[in-house]
Amino acid sequence: MFTKGISGRRHARRGACTLAAAAAVLALQSGTATASGTGTGEVPASVAHTVPAPAPAPAFAVRITEGQVREAAPGGTLLYPSVTSCLTVTVRLADGGLVGAHASLFQVPGEYRSDRILGALRDRVGGRDVAAVEVRGAVGAWLPGYFTKAIESYGDGETVPFPAEPDPGGLAAAVADGLGQPRAKVTVTDVPDGDQTVD
């Protein structure tokens with residue numbers, strides 16, 4: 001009997017606490033809770049902790065498919081999907097922003113072909129300060145000349161040149177020239193097929 005009485009008081013106390021907390025949250029949400037109970041909109045310290053802090057915004061990834069040029073603000077990420085025979089060119093701006101191009105060996109309808117994409121990337125960068133330029137992808141599939149004369153530019157009877165071996169130095173020079181940047185700022189890396197994420 002004695003134990004039952006204690007248990008009943010405990011349940012009653014729990015119920016009262018739950019009701020008090022619910023009332024405090026409702027008052028907080030309606031803007032009527034105050035430390036003195038006068039309805040001025042101030043939040044009592046005892047219930048201020050019941051409101052969760054806002055969750056941080058998720059990182060925003062800018063998707064760049066073949067033949068496109070896009071950019072991400074400082075703190076953002078560039079996603080280049082399905083990089084197989086392509087090259088990606090990422091310009092790291094001094095302010096932390098990223099401007100990228102997904103260069104394709106063969107033009108995707110409605111997008112930039114390989115001999116136009118560096119010009120579009122240069123225009124997008126404009127006069128902003130450049131910290132570095134990163135070229136990544138199928139280095140062995142690209143001739144530096146594809147940035148000045150696309151495969152589609154060769155007419156009937158013309159032989160399209162293909163690389164006999166990788167030429168990272170030539171690609172770096174071609175990208176630097178196309179972007180109007182010092183050669184020393186450009187790095188070239190051969191990477192396996194797949195998605196590329198740059199942040």
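Taking the number of Cβ atoms within 10 Å of each Cβ as an exposure proxy, the fewest-first ranking of Asp177, Asp167, Asp195 is Asp195, Asp177, Asp167.
Loop-located GluC sites (Glu not before Pro) across the stretch 114-170 with a Cβ neighbour count of 14 or fewer within 10 Å are Glu158, with loop assigned by DSSP. For the pair Ala141 and Thr197 in one chain, pulling the backbone fully straight at 0.36 nm per residue adds 18.1 nm over the alpha carbon distance. You can think of it this way: the chain between Phe60 and Asp95 has 10.9 nm of extra reach, that is 0.36 nm per residue less the Cα-Cα gap. Amide H to amide H distances under 5 Å link Val62 with Thr77, Leu78, Leu79, where only residues 5 or more positions off or on other chains count and H is placed in the peptide plane. Arranged from fewest to most other beta-carbon atoms within 10 Å of their beta carbon, Leu87, Leu179 become Leu179, Leu87. Between Ser82 and Glu152, the contour length at 0.36 nm per residue exceeds the Cα-Cα span by 23.1 nm. From least to most packed, judged by other beta carbons within 10 angstrom and beginning with the fewest, Tyr154, Tyr80 follow the order Tyr154, Tyr80.
Shape call for the stretch 78-131 from the C-alpha gyration tensor, a ≥ b ≥ c root eigenvalues: rounded (a/c under 1.5), prolate (a/b greater than b/c) or oblate? Cα axes put the stretch 78-131 in the oblate bin.
Read the figures in this text as sums done on the coordinates, not as results from a lab. All values derive from a computational prediction rather than experimental measurement. Quick reminder, even Gly has a Cβ in these numbers, built from the backbone with ideal geometry, and neighbours come from all protein chains shown.
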